[in-house]
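The values are calculated or read from the model by the stated rules, or taken from the named source; none is laboratory data. The structure presented is a predicted model; accordingly, all values stated were derived computationally and were not measured. Note: ideal-geometry Cβ built from the backbone for every residue, glycine included; neighbour counts use all protein chains shown. Side chains included, ligands, DNA and RNA excluded: accessible areas come from the protein's heavy atoms. Shrake-Rupley method; radii C 1.70, N 1.55, O 1.52, S 1.80 Å.
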Amino acid sequence: MKLGEERGKEEIQCCFSMDEALELVLIFDKNGNIVYANSAAKQKLEYGDALCGTPISEIFPNSFSVTENGFHTDYEFGEKLQDLMAYRKNRTCFCVEAKILEDQNEEGNYVCMANDASKRDFLEKEITKVEQEAKQALKVKSEFVANVTHELRTPVNGILGNTKELLEKEQDEGNLKILRLIEHGCKDMNGIINNILDFSKLEAGKFTLEPQKFHFRNMMDYVKANHINKITEKGLEFFTTISPEIPEYLIGDELRIVQILNNLLSNACKFTAVGKIAVEVLKTSQVNNRIELYFLVVDSGIGIEKADMDKLFKSFSQVDASISRKYGGTGLGLNICKQLVELMGGNISVDSEKNKGSVFSFSIWLEIPEDEMEGTASNINIHMPFGPIVDLHGNTEETGVKKYGTAENLQEIKNKMSKFILSVEMENWEKAEMFADVLKQLTQEAPKEVKNGVLKLKMAVQKEDYEKVQTAYDVLQKLF
Ligand code: ADP
């Protein structure tokens with residue numbers, strides 16, 4: 001049939017598409033006799049041309065019956081897709097998803113459009129099967145990893161124990177050196193085994209936190225003791241600052257908090273050759289007996305390119321292959337940290353500049369034991385590094401000077417706030433200049449050394465001297 005012959009273009013296109021359609025199209029009249037069937041219907045139902053003239057009840061016997069007075073059905077005509085059983089000529093059947101519309105013209109025909117749903121059903125079953133298989137595979141994998149790591153841990157601990165014993169007895173310096181190397185190797189191996197075990201548990205959703213009451217500052221001392229030797233051996237400076245607002249005892253999974261800090265500090269130490277490493281902990285929020293702590297691990301190391309930062313928290317990710325060759329590691333640590341932090345209701349992020357250093361920061365929520373509740377203030381939000389500055393009532397301002405507190409509670413804030421930290425992200429020198437000006441205004445009444453500090457900062461900003469700004473800012477932070 002050629003376009004434009006006798007029939008109108010639209011009509012021809014309509015017939016053409018109906019016949020070519022992949023779905024089954026049947027038109028039946030008010031007596032229930034099929035008057036039109038497209039190729040797909042003729043083929044799928046295996047009637048061929050004989051489909052025209054066949055009663056619709058032959059095709060859908062469960063839903064239609066045809067008598068001399070016409071047909072009867074409970075089927076609700078309309079756009080809604082409904083499942084029907086379609087019978088082939090040989091009386092085998094398959095499920096279709098069909099809609100049957102009442103033709104509005106005088107002839108009063110009905111148009112049935114149906115899709116073979118057996119493929120859909122088959123696919124749904126396949127998806128469920130694949131899902132179950134994947135779950136089973138994950139389970140088998142986690143069990144396998146758990147078994148292997150356990151099997152590995154036993155001999156490693158055996159070697160470690162024996163080495164420790166020999167270390168106590170051995171006198172010869174050469175042998176002692178070898179034994180220390182073995183001890184070091186065993187500890188590293190244990191670290192990797194534990195990481196793999198944690199990772200597989202977290203991946204399988206089988207990881208649970210074990211919260212217990214613990215002494216916060218003792219925990220921080222323990223973390224410090226874990227790293228101080230390595231850091232100072234490298235000639236690096238090490239600072240830790242803990243906000244006095246943090247209660248003495250808290251309830252949380254101490255072991256896992258230590259694990260996160262250990263990982264961040266090991267990395268900081270690993271990737272820093274000169275300068276300093278600092279850990280700071282702040283209380284950022286409190287809702288009843290729940291407290292949010294904010295940890296910062298700062299280093300002046302090799303830094304990370306902006307483009308690589310997103311990759312960091314993904315599993316098995318290291319910035320590049322040369323890093324793993326030079327510094328070792330499995331690339332699991334930060335992913336584990338992220339998952340642990342999220343289990344503790346917080347977030348982890350990184351801010352870094354190539355060759356300048358990195359700041360890894362994370363927040364977690366812990367509980368305050370009942371006997372520690374007295375004297376803790378709810379809902380104080382002071383510090384949000386790299387985010388908007390938030391006032392003590394949680395209001396943010398986009399521009400201008402930030403005012404902290406109302407006239408009524410200023411005294412209370414002064415009493416409770418032992419330290420005030422300003423964290424500013426300066427996109428350009430103009431903004432930095434504005435910031436220095438605001439700081440100058442705010443410190444008009446301040447002691448001389450603070451005013452001098454601000455002046456130094458302002459001059460360094462005006463000269464666009466990054467290093468000096470950084471130093472002046474550090475000095476100011478100490479003065480505040
Ligand atoms: P790994 O066990 O390999 O150290 P991590 O997940 O802890 O795994 O770290 C992944 C990668 O992130 C490191 O290999 C390194 O490329 C980068 N990285 C992590 N911390 C720092 C840091 N403080 N300074 C520079 N790069 C870092």
One residue is enough: does segment 52-68 have a residue meeting the conditions touching a residue at least 60 places away in the same chain (Cβ under 8 Å), within 53 Å of the chain's Cα centre (by Cα) and surrounded by 12 or more Cβ atoms within 10 Å (Cβ to Cβ)? no
Filter segment 299-318 down to residues that are part of a loop (DSSP other than H, G, I, E, B) and either under 20 Å from Gln259 (Cα atoms) or near the ligand (Cβ under 9 Å from one of its atoms) (or both), then give me how many there are. 9
Among the helices (runs of 4 or more DSSP H) confined wholly to segment 368-480, which include 1 or more residues that are assigned by TED's automatic domain parsing to the domain that holds Glu353, surrounded by fewer than 16 Cβ atoms within 10 Å (Cβ to Cβ) and at pLDDT 55 or above? none
Restrict the check to segment 216-229 and report whether at least one residue is part of a loop (DSSP other than H, G, I, E, B) and open to solvent by less than 70 Å² (accessible area, probe 1.4 Å). no
Return yes or no: is Thr330 at pLDDT below 80, surrounded by 12 or more Cβ atoms within 10 Å (Cβ to Cβ) and either under 30 Å from Ala273 (Cβ atoms) or under 16 Å from the mean Cα position of the chain (by Cα) (or both)? yes
Segment 230-248, residues that are under 32 Å from the mean Cα position of the chain (by Cα) and assigned to a strand (DSSP E or B): Phe238, Phe239, Thr240, Thr241, Ile242
A careful count of residues in segment 329-346 that are of a type in the set (A, V, I, L, M) and more than 8 Å from the ligand (Cβ to nearest atom) gives 4
Residues of segment 284-300 being of a type outside the set (A, V, I, L, M, F, W, C) and open to solvent by 10 Å² or more (accessible area, probe 1.4 Å), which ones? Ser285, Asn288, Asn289, Arg290, Glu292, Tyr294, Asp299, Ser300
Under the condition of being surrounded by 19 or more Cβ atoms within 10 Å (Cβ to Cβ) and farther than 19 Å from Lys311 by Cβ, which residue from segment 347-367 is farthest from the ligand (Cβ to nearest atom)? Leu366
Please go through segment 270-298 and pick out each residue that is within 16 Å of the ligand (Cβ to nearest atom), over 22 Å from Ile196 (Cα atoms) and outside any loop (DSSP other than H, G, I, E, B). Lys276, Ile277, Ala278, Val279, Glu280, Phe295, Leu296, Val297, Val298
In segment 171-210, anything open to solvent by 60 Å² or more (accessible area, probe 1.4 Å), part of a loop (DSSP other than H, G, I, E, B) and of a type outside the set (Gly, Ala, Ser) is listed as Gln171, Asp172, Lys206, Thr208, Glu210
Counted residues, segment 84-137 - those being exposed (fewer than 10 other Cβ atoms within 10 Å of the Cβ), among the β-branched types (Val, Ile, Thr) and either outside the structural domain of Asp29 (by TED's automatic domain parsing) or in contact (Cβ under 8 Å) with a residue 24 or more places away in the chain (or both): 0
